[in-house]
Amino acid sequence: MLGSLVCNIVLSYFIFFVARVVFFIVNSNFFIDYMSWQLLGDMFEGALLFDTSAVVYCNLLYIVMVLLPFHYKENAAYYRATKWTYVIFNSVALAANLADTVYFRFTGRRTTATVFNEFGNEDNLLSIMLEELAMHWWLLVVFVLLVWAVARLYRKPQVEQPLRKVRYYAMQAVAFVVAIPLCVFGMRGGIGPTVRPITISNANQYVNRPVEAAVVLNTPFSVIRTIGKKPFETPHYMPDEEMVKLFNPVHEPADSTEFSAKNVVVIIIESFGKEYIGSLNRGEEGYEGFTPFTDELVTRSLTFDHSYSNGRKSIDGMPSVLSGIPMFVEPFFLTPASLNDVSGIAGELDKKGYSTAFFHGAPNGSMGFQAFARSTGFKQYFGKDEYENEVGTGDFDGTWAVWDEPFMQYYCSVMSRMPQPFMTAIFTATSHHPFVIPEQYRDTFPEGQVPIHKCIRYTDHALCRFFESASREDWFANTLFVITADHTNQSCLPRYQTDLGLFEVPIIFYAPGDSTIAGVRSDAIAQQIDIMPTVLGYLGYDNPYVAFGCDLLATSPADTYAVNYNGLYQYVKGDYLLQFDGSKTCAAYKFREDPMLKHNVLGDNDASGDTIAHMERELKAIIQQYMQRMNGNGLVP
């Protein structure tokens, strides 16, 4: 009995190992340029720790069934039940690991328990999963072969009734008692009273870059250890007085502020990474990009060489762009903090008599966007339901939403019926997995190096058509347009596969007829959470509000910054990128001269030490402010 138990646990380790090897090979472009044999050894050493925890979690019921000291269970029927308990739980763990092999490309991290909330309102998941299986059929083959191998290699004990019950109960009881602490130690990740249970963040001690932690971790562990976990814990890095001096997210109006009631239009384009825009990649020889209209629009707009998202998912982009709230640890509106009082561009401008509306071509309720839009001050919502009631049902892409081109035309027409001044936002959808475009454009926008390229070409065309229509409306000249992305996506250029490059999105401000809003700035650093303060500052808004970014038009370039979280906190300011694990700085890079982040300058004997130390204090103040306000309902003044 004990021998079969040990053999089957070793078999469970083996399938975790194979799944990790598959994960590493499929996503090698994220890791290979920075890999060494030493690093690979460290990663797989750490992986053993996390696999031990996951193996125990996934096999706990099986272990109990095997070691339960009860002699009546020693029969063929019970052994079959024990076997299939083992096979089913390990098959689910294998499926989760293999699924993350694909999903990782879109998130840059292992899946956590919030995935169940993230897609809780979607009714198209089955079709998406079937499409994924068709596209990655070989993963299904790997899964079937491994499950077959597990079922065949599973070792079962001989069926025999124990004749010497005293000896049987003694051995089984001892084994059961010994197994209890071993299982606890395995799940915790170590032995001893000073050992704290390992968490996802512990994976960072085995890697050089946050994205590499995904190799060390496994998906069952990441999901299990985040179930029911409180995402926001307030640290006490410093007294509140010092925290406020270093960073204060409450924006107070200037004494001389005079409000200008311009319309505001915010366009959030799905997966519209900066990599795809040729005019923002002037240093890439021979690279023209995929966005001819956006390239032309940039010549009439204000944008930035260094601009970043504050998260890696669509549900991260919404709070960042529209409410100045970055994603730390877990997506904001998948946490209890989403019930806080919260405002945004729409909510603040509603106080000035603006009409407000949010547009998203997916089924109403998708991704929680409708709920968030309402909570932040949008009075109207236009989704797939409203579009099809007014226009018809022929423009649905079959998976996610109405195609971008017709929905953006609808967006323009609805705005033309709204009283001015208005504030609206649209979240597009076509440049999203499974990366398809309308049939009539298949020859117009051909396949690129990766599947998303044709979608980017199509969405850029849809954006062009939108501006053609909008420019004929009387509200156009009195409007500030903001164009950005929710997050990045598929990448070809190595620069955009670094820890920092994974967050590079365009941030474009376009005000027709206003020559002060123009140029490509390389001095300042921009981020999504700067959009709300910049828009309100441009309008001369005269009420206090909370936003974690800064007004890019009024802030000294030296004081602009970007912050995001991907297993580690990343803080970009001046010439440096800081990576911080919540207690200490792990790495620092001069990202302007070292865009591939090859040289960690932490510990170098030069003048950077004082700068890095001060940046760490600033970042701690930002984190402490964030956690305090999340836990204390402090997202409005």
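The values are calculated or read from the model by the stated rules, or taken from the named source; none is laboratory data. If you're wondering where the values come from, they're calculated on a predicted model, not measured in any experiment. Please note: Cβ atoms are built from the backbone with ideal geometry, for glycine as well, and neighbour counts cover all protein chains shown. Please note that ligands, DNA and RNA were not included when accessible areas were found on the heavy atoms of the full protein model with its side chains. Shrake-Rupley method; radii C 1.70, N 1.55, O 1.52, S 1.80 Å.
Are any residues in segment 462-473 over 16 Å from Glu405 (Cβ atoms) and either in contact with a Pro (Cβ under 6 Å, 6 or more places away or on another chain) or touching a residue at least 12 places away in the same chain (Cβ under 8 Å) (or both), and if so, which ones?
Once the filter is applied, which keeps residues that are over 16 Å from Glu405 (Cβ atoms) and either in contact with a Pro (Cβ under 6 Å, 6 or more places away or on another chain) or touching a residue at least 12 places away in the same chain (Cβ under 8 Å) (or both), segment 462-473 yields Ser471, Glu473.
Answer yes or no: is there a residue in segment 299-312 that is among the aliphatic types (A, V, I, L, M), assigned to a helix (DSSP H, G or I) and open to solvent by less than 20 Å² (accessible area, probe 1.4 Å).
No, that holds for no residue.
Report yes if some residue within segment 416-426 is closer than 12 Å to Leu463 by Cα, not charged (D, E, K, R) and not in a helix (DSSP H, G or I); otherwise report no.
Yes, that holds for at least one residue.
What are the residues in segment 88-133 that are at pLDDT below 80 and open to solvent by 70 Å² or more (accessible area, probe 1.4 Å), if any?
Arg105, Phe116, Asn117, Asn121, Asp123, Leu126, Met129, Leu130, Leu133 - these are the residues of segment 88-133 that are at pLDDT below 80 and open to solvent by 70 Å² or more (accessible area, probe 1.4 Å).
Among the candidates Thr430, Thr488, Thr459, Thr484, single out the residue that is among the polar types (S, T, N, Q), in contact (Cβ under 8 Å) with a residue 24 or more places away in the chain, part of a helix (DSSP H, G or I) and crowded, with 21+ Cβ neighbours inside 10 Å.
Exactly one residue qualifies, and that residue is Thr459.
Starting from segment 215-238, keep only residues that are in a loop (DSSP other than H, G, I, E, B) and open to solvent by 10 Å² or more (accessible area, probe 1.4 Å), then list their pairs with residues that are at pLDDT below 90 and polar (S, T, N, Q) whose Cβ atoms are within a distance under 8 Å, requiring at least 6 positions of separation or different chains.
Short answer, once both residue conditions are applied: Arg225/Thr199; Thr226/Thr112; Thr226/Thr114; Pro231/Thr335; Thr234/Asn631.
Filter segment 2-35 for residues that are over 25 Å from the mean Cα position of the chain (by Cα) and open to solvent by less than 60 Å² (accessible area, probe 1.4 Å) and give the result.
Gly3, Ser4, Leu5, Cys7, Asn8, Ile9, Leu11, Ser12, Ile15, Val18
What number of residues within segment 65-102 satisfy the criterion of being under 37 Å from the mean Cα position of the chain (by Cα) and either at positive phi or in contact (Cβ under 8 Å) with a residue 24 or more places away in the chain (or both)?
Here the count works out to 17.
Go through the residues of segment 265-281 one by one and say whether even a single one is touching an Asp or Glu at 6+ places or on another chain (Cβ under 9 Å), touching a residue at least 60 places away in the same chain (Cβ under 8 Å), within 28 Å of Arg417 (Cα to Cα) and part of a loop (DSSP other than H, G, I, E, B).
Looking through segment 265-281, at least one residue is touching an Asp or Glu at 6+ places or on another chain (Cβ under 9 Å), touching a residue at least 60 places away in the same chain (Cβ under 8 Å), within 28 Å of Arg417 (Cα to Cα) and part of a loop (DSSP other than H, G, I, E, B).
Quick check on segment 512-560: of everything there that is assigned to a strand (DSSP E or B) and hydrophobic (A, V, I, L, M, F, W, C), which residue is most open to solvent (accessible area, probe 1.4 Å)?
Checking each candidate, the answer is Val520.
Being among the polar types (S, T, N, Q), in contact with a Cys (Cβ under 9 Å, 6 or more places away or on another chain) and either in a strand (DSSP E or B) or without any contact (Cβ under 8 Å) to a residue 12 or more places away in the chain (or both): is that true of Gln579 here?
It is true that Gln579 is among the polar types (S, T, N, Q), in contact with a Cys (Cβ under 9 Å, 6 or more places away or on another chain) and either in a strand (DSSP E or B) or without any contact (Cβ under 8 Å) to a residue 12 or more places away in the chain (or both).
Residues checked against (1) among the acidic types (Asp, Glu); (2) at pLDDT below 95:
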| site | (1), (2) |
| --- | --- |
| Ile227 | no, yes |
| Glu233 | yes, yes |
| Tyr237 | no, no |
| Asp240 | yes, no |
| Val244 | no, no |
| Glu258 | yes, yes |
| Lys262 | no, no |
| Val265 | no, no |
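Considering (1) touching a residue at least 60 places away in the same chain (Cβ under 8 Å); (2) of a type outside the set (Phe, Trp, Tyr); (3) open to solvent by 10 Å² or more (accessible area, probe 1.4 Å); (4) over 27 Å from Phe509 (Cβ atoms), say which one Ser366 fails and leave the rest.
So the condition that Ser366 fails would be (3).
Give the residue that is most open to solvent (accessible area, probe 1.4 Å), with candidates limited to residues of segment 590-614 that are over 24 Å from the mean Cα position of the chain (by Cα) and among the hydrophobic types (A, V, I, L, M, F, W, C).
That would be Ala607.
What residue, of Phe372, Phe435, Phe422, is open to solvent by less than 20 Å² (accessible area, probe 1.4 Å) and in contact with a strand residue (DSSP E or B) (Cβ under 6 Å, 6 or more places away or on another chain)?
Phe422
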